[in-house]
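Since every read-out is calculated from the coordinates, none of them should be taken as a lab result. Quick caveat, the model's predicted, so the values are computed rather than measured. Please note: Cβ atoms are built from the backbone with ideal geometry, for glycine as well, and neighbour counts cover all protein chains shown.
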Amino acid sequence: MKRTLLIGLMATALVVAFAMPSLAAGPEAPKDLEIKALPAMKATQAPVKFSHAKHGTVAKIECKECHHKLDKSPKDYKCSSAGCHDDGAVKQGEKSFYIAYHKPADAKSCLGCHKAKAKGPAKCTDCHPKAPGAAQ
């Protein structure tokens, strides 16, 4: 009886030891994605092709550097999650979807981080490519 209990406890400990890191890591980020304007916005630029792989693996940027609410709410990791940057109607303010990506003085925004580190694209057309044949 004691032996069975001991084996059961050891097996449980091994499962917990190997499963906990993957549970604590949160959702796995897609390697590449396209960031599009929210439906409430009038998009004036093309969507942005974004690589989590380049930012995480190559640039060594931790998820929470951009996803600042990840520790508090792991399920709400998208910028456009309800209560975060979900306002597509305005270009200013904490809830603005636009400002989440374009605030030059905030290192948590794409533009702000690129400017602070003096690396990566920092002009509109670097991130938002013009469609072939579009007026420049």
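Taking every alpha-carbon pair in segment 36-127 and binning the separations at 5 Å intervals from zero gives 3, 13, 22, 27, 23, 11, 2 percent.
Listing LEU38, LEU111 from fewest to most neighbouring C-beta atoms within 10 Å gives LEU38, LEU111.
Among the listed pairs LYS64/LYS108; LYS78/LYS123; LYS42/LYS95; LYS36/LYS69; LYS95/LYS117; LYS95/LYS130, which are separated by more than 19 Å between their Cα atoms? Distance filter (> 19 Å) returns LYS78/LYS123; LYS36/LYS69; LYS95/LYS117; LYS95/LYS130.
With neighbour counts taken as other beta-carbon atoms within 10 Å, the residues MET41, MET10 rank, fewest first, as MET10, MET41.
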